[in-house]
């Protein structure tokens with residue numbers, strides 16, 4: 001069976017202090033747990049290097065003298081079966097809401113909601129984060145993500161507490177950021193911008209707002225890193241009562257479909273993407289795992305795996321290549337509090 005299992009999903013689990021490693025069968029969407037790796041604290045988001053050799057985990061420790069302890073743990077990824085082997089632990093400047101690796105694989109990027117800053121670390125020998133910052137700067141208000149665009153020349157950082165998205169230039173030689181001109185786009189008051197997803201062509205950016213469940217579509221220009229609003233819609237069911245609590249947003253590798261989860265509605269919403277304009281249509285909303293904080297799409301674009309933070313299960317869905325509808329393939333238990341889902345094809 002393992003010969004058919006080519007795609008791996010890494011699931012850091014907040015309540016059991018570990019990362020679960022699952023294999024996905026690309027033929028039928030079944031999931032098999034291969035490994036549970038202990039962490040030295042609570043598992044937060046993870047990121048994989050572009051060469052697929054390293055996995056970086058942001059980890060949360062205890063509160064000491066009124067300050068949360070946090071660190072990064074670096075793992076080698078086995079090229080044969082995707083299992084993890086820890087090779088380094090280093091202190092982080094604060095708890096990270098999101099981490100990513102730039103397109104060169106030379107810098108680990110982080111956004112700290114609690115610390116109210118963004119940061120980049122050079123990745124030294126063996127891909128290990130360095131303690132000195134390549135860049136560190138205050139943010140206007142509770143950044144929740146920092147990620148470079150497909151060109152690696154610009155980056156966006158949604159600031160949930162300030163209702164804006166920072167627009168930055170990025171120097172891949174030094175790992176340093178500068179404010180772009182203009183330096184941000186604003187959302188409406190109380191929206192709570194959380195995460196962005198770039199269209200694979202680089203022609204559009206999709207922003208999910210955590211607090212009101214709205215999704216904003218922007219045209220995007222990779223020549224200057226600028227974005228202009230062109231569409232807005234909702235991702236929560238029409239009959240949902242209570243506040244939104246939207247979480248993750250992703251676009252399929254072929255750029256044809258987009259998906260968003262909402263934790264209070266326990267739902268996943270899918271949209272078709274117009275190949276010419278990048279606008280959204282054909283909204284579909286379906287129930288999924290309880291409190292679906294994290295999900296990811298395998299690199300073939302055929303399978304989506306979502307974790308239920310309070311159900312302690314993963315569900316895989318087949319993605320219809322024509323209309324993007326989801327069909328459940330497999331549901332399996334995982335360790336407690338799945339907080340993130342990261343896909344990798346071996």
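Every read-out reported here was derived from the displayed coordinates using simple, explicitly stated rules and does not represent laboratory data. Note that the structure is predicted; figures quoted are calculated from it, not measured. So basically every Cβ, Gly included, is an ideal-geometry build from the backbone, and we count neighbours across all protein chains shown.
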Length-normalised contact order of segment 179-322, Cα under 8 Å, at least 6 apart, in percent, tallies to 15
Any idea what the relative contact order of segment 2-345 is, in percent, if you count C-alpha pairs under 8 Å spaced at least 6 apart? 12
How many nm is it between the label spots at residue 103 and residue 300, if each spot is 7 Å from the Cα in line with the beta carbon? 2.7
What order do you get for 304-315, 174-185 when each peptide is scored by the mean count of other beta carbon atoms within 10 Å, highest first? 304-315, 174-185
Could you calculate the FRET efficiency of residue 336 with residue 126 from 1/(1 + (r/R0)^6), where r is the beta carbon distance between them and R0 is 41 Å, rounded to 0.05? 0.85
Could you run the Debye sum over the Cα atoms of segment 46-187, one equal point scatterer each and no solvent, and tell me log10 of I(q)/I(0) at q = 0.18 Å⁻¹, two decimals? -1.00
If the chain between residue 63 and residue 229 were fully stretched, how many nm would it gain, using 0.36 nm times the residue separation less the Cα-Cα distance? 55.7 nm
Please compute the Cα-Cα pair-distance distribution of segment 184-223 with 5 Å bins starting at 0, giving whole percents from short to long. 6, 24, 32, 20, 12, 6, 1
Give the Cα extents of segment 2-345 along the principal axes, in whole Å, largest first. 50, 46, 37
Would you mind putting 41-48, 102-109 in packing order, based on average other-beta-carbon counts within 10 Å, highest first? 41-48, 102-109
Gyration tensor verdict on segment 30-127 (Cα atoms; rounded if a/c is under 1.5, prolate if a/b is larger than b/c, oblate otherwise): oblate
Spin-label point model (7 Å from Cα, Cβ direction): what's the residue 286 to residue 32 distance in nm? 2.5
